[in-house]
Amino acid sequence: MRVSEHGRPLRTEGPGAVLTRRKPVERLIAEGGQGEGGSLRRTLGLWQLTMISIGATLGTGIFVVLGEAVPKAGPAVILSFVLAGLTALFSALSYAELAGAIPVAGSSYSYAYATMGEFVAWVCGWCLVLEYGVSVAAVAVGWGQYVNELLDGIFGFTLPAAISAPPGQGGWFNLPALVVVLLALVFLLGGARESARANTIMVSVKIIALLLFCAIGFQGFRSGNYADFLPYGVTGVSAAGATLFFSYIGFDAASTAGEEAKNAQRDLPRAIMLSLVIVTGLYVLVAIVAVGARPWRAFSGSEATLSGIMKDVTGQDIWAVLLAAGAVVAIASVVLTVLYGQTRVVFAMSRDGLVPPIFSRVHPRSGTPRANTVIVSLFCGVLAAAVPLGNLADATSIGTLFAFALVNVAVVVLRRTQPAMKRTFRVPLSPLLPALGFGFCVWLMGSLSTVTWVVFGIWMVLGLAVYFGYGVRHSRLARTPGGEK
């Protein structure tokens, strides 16, 4: 008879049962906050949770990816934002219901574990590692672009391309991208409450910066820039929407804080929905002004698009400098909050035994998974310094869309398997809206390039190797009673 390292007999299960074993919701909640050697601390209220979601979302699409999306759709990029936002809304409704019912750190990974089994949960978690980890790296690359804008405006020089651009874009190593990830690491090591305070300040700065752009950019608004509204038809809108979905990544970040929220079941659904409404409104407003102030064919794909528009409209460097300063702060908050989400997802996977236990080891003084934070941050920092932005953005989108599709399925499954469970928020018109959310995710995934799918396939193969080589043998469900089949 096989036994665990603690002397307890291991459960013998067939291959199918192993892959479909589920972790009961009650057990997920009971284990909430507990890690190796300590527990996470509940210090976050509704305001902090909302700021975490806004901080993780607002800035990535507008400050970084807008310049890449406009050439794909033309002025209709506004519709692309709406399409991406609608897709995010359907998924946000599902996230809100599940976050209120299962307030734990693993986000959609944990929801899948409770509804569809360990194998699907692993696939979802692996997609989240891609979503959050690569998102941090991609946004950090954009941060380096705005650092150069700021240095140029204030001091009249920029960092040499060799140390400020990744390979393939004229550089050897993107030092600014690595620096911003390391700065986020320092804040995260201080604890969730301290990180939330810093994030709130940075979110306020980024909102002010975007409103300033709208006020200045509207002075250069030309209705003629919208004359050829759909140059590439619905196909262009869909392609740009798939890329811009990258800009909505992060609204689910509050769900990763389920074990550090004071009143998770009440506040998590509210934070998710409130953050998405605020972010979508600002995105559409900024996109309208940006396209009105600059002909869409003049969008060159530069990551520092908005500051360039400010300079074109005013003819003065000061406004572009102010916006670049706001973007430096804004994008730093995205790195901070998305990196936070990444560490909490890996924390949950480690607690379940699917990745090594070092990732769920909690420091007794700060109440944070320190080793996890350091390892994940260094990985993301090196990735940011070595990979071009465009490839990163689309790879992030496909991982996110896959995870979101699974969340829409999970909410329907949980409704059927546990209809009497207490829910602080319920998706209206279920299963219709979750089905629409699933369909939109699949549609946008189909709009991504073949190269992106190849990268995603390689990532999935690597994930399966890790799961079958490590996760299956170390899963806590295989070692302790209480799992469901």
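Taking the range 38-156 and the helices (runs of 4 or more DSSP H) fully enclosed by it, the elements with 3 or more residues that are in contact (Cβ under 8 Å) with a residue 60 or more places away in the chain and among the hydrophobic types (A, V, I, L, M, F, W, C) are at 46-57, 66-73, 77-101, 118-155. Any chance the range 296-307 includes a residue that's in a loop (DSSP other than H, G, I, E, B) and modelled with pLDDT of 85 or more? Within the range 296-307, none of the residues are in a loop (DSSP other than H, G, I, E, B) and modelled with pLDDT of 85 or more. Quick one: would you say ALA386 is small (Gly, Ala, Ser), over 19 Å from the mean Cα position of the chain (by Cα) and within 24 Å of THR343 (Cβ to Cβ)? Here the answer is yes, as ALA386 does meet what is asked.
Applying a threshold of 8 Å to beta carbon distances and a minimum spacing of six or more residues, or different chains, the list of pairs starting in the range 459-473 at a residue that is over 14 Å from VAL120 (Cα atoms) and ending at one that is among the acidic types (Asp, Glu) and at pLDDT 95 or above is empty. Screening the range 421-452 for residues that are small (Gly, Ala, Ser) and more than 18 Å from TYR111 (Cβ to Cβ) and picking the one that is modelled with the highest pLDDT gives GLY439. Restricting to the range 147-171, and then to whatever is within 27 Å of the chain's Cα centre (by Cα) and over 21 Å from ILE318 (Cβ atoms), can you tell me which residue is surrounded by the most Cβ atoms within 10 Å (Cβ to Cβ)? Applying the filter and picking the extreme gives ALA165. Residue under question is LEU322, and the condition is that it be touching a residue at least 12 places away in the same chain (Cβ under 8 Å) and not in a helix (DSSP H, G or I); does it hold? In short, no. Every listed requirement among (1) at pLDDT 85 or above; (2) surrounded by 24 or more Cβ atoms within 10 Å (Cβ to Cβ); (3) under 23 Å from VAL411 (Cβ atoms) is met by MET273 save one, (2). Within the range 453-464, does at least one residue satisfy the condition of being at pLDDT below 85, more than 19 Å from the chain's Cα centre (by Cα) and within 20 Å of ILE398 (Cα to Cα)? No, every residue in the range 453-464 fails to be at pLDDT below 85, more than 19 Å from the chain's Cα centre (by Cα) and within 20 Å of ILE398 (Cα to Cα). Taking the range 159-267 and the helices (runs of 4 or more DSSP H) fully enclosed by it, the elements with 2 or more residues that are within 22 Å of ALA324 (Cβ to Cβ) are at 161-164, 175-189, 192-217.
Scan the range 396-447 for residues that are among the hydroxyl-bearing types (Ser, Thr, Tyr) and outside any loop (DSSP other than H, G, I, E, B) and the total you get is 4.
Listed here are the residues, each with its yes/no results for (1) more than 15 Å from VAL346 (Cα to Cα); (2) modelled with pLDDT of 85 or more; (3) among the polar types (S, T, N, Q); (4) in contact with a helix residue (DSSP H, G or I) (Cβ under 9 Å, 6 or more places away or on another chain).
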residue	(1), (2), (3), (4)
PHE119	yes, yes, no, yes
LEU128	no, yes, no, yes
TYR132	no, no, no, yes
ALA138	yes, no, no, yes
LEU150	yes, no, no, yes
ILE154	yes, no, no, yes
THR158	yes, yes, yes, yes
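Contact map, the range 276-297: first residue closer than 23 Å to SER94 by Cβ and in contact (Cβ under 8 Å) with a residue 24 or more places away in the chain, second residue among the hydroxyl-bearing types (Ser, Thr, Tyr) and part of a helix (DSSP H, G or I), Cβ cut-off under 7 Å, separation 6 or more or different chains; pairs are VAL279/THR57; TYR283/SER247.
I'd like to check something: does the range 97-118 contain any residue that is more than 25 Å from ALA395 (Cα to Cα), of a type in the set (S, T, N, Q), over 18 Å from the mean Cα position of the chain (by Cα) and surrounded by fewer than 24 Cβ atoms within 10 Å (Cβ to Cβ)? No; the residues of the range 97-118 include none that is more than 25 Å from ALA395 (Cα to Cα), of a type in the set (S, T, N, Q), over 18 Å from the mean Cα position of the chain (by Cα) and surrounded by fewer than 24 Cβ atoms within 10 Å (Cβ to Cβ). The single condition among (1) buried (at least 19 other Cβ atoms within 10 Å of the Cβ); (2) within 23 Å of the chain's Cα centre (by Cα); (3) under 21 Å from ILE54 (Cβ atoms) that ALA239 does not satisfy is (3).
The set of residues in the range 400-420 that are crowded, with 18+ Cβ neighbours inside 10 Å and at pLDDT below 90 comprises THR400, LEU401, PHE402, ALA403, PHE404. Considering (1) under 28 Å from ALA395 (Cβ atoms); (2) in contact (Cβ under 8 Å) with a residue 60 or more places away in the chain; (3) within 20 Å of the chain's Cα centre (by Cα); (4) buried (at least 21 other Cβ atoms within 10 Å of the Cβ), the lone condition that ALA209 does not fulfil carries the number (3).
The values are calculated or read from the model by the stated rules, or taken from the named source; none is laboratory data. Please read all numbers here as calculations on a predicted model, not as lab measurements. Quick reminder, even Gly has a Cβ in these numbers, built from the backbone with ideal geometry, and neighbours come from all protein chains shown.
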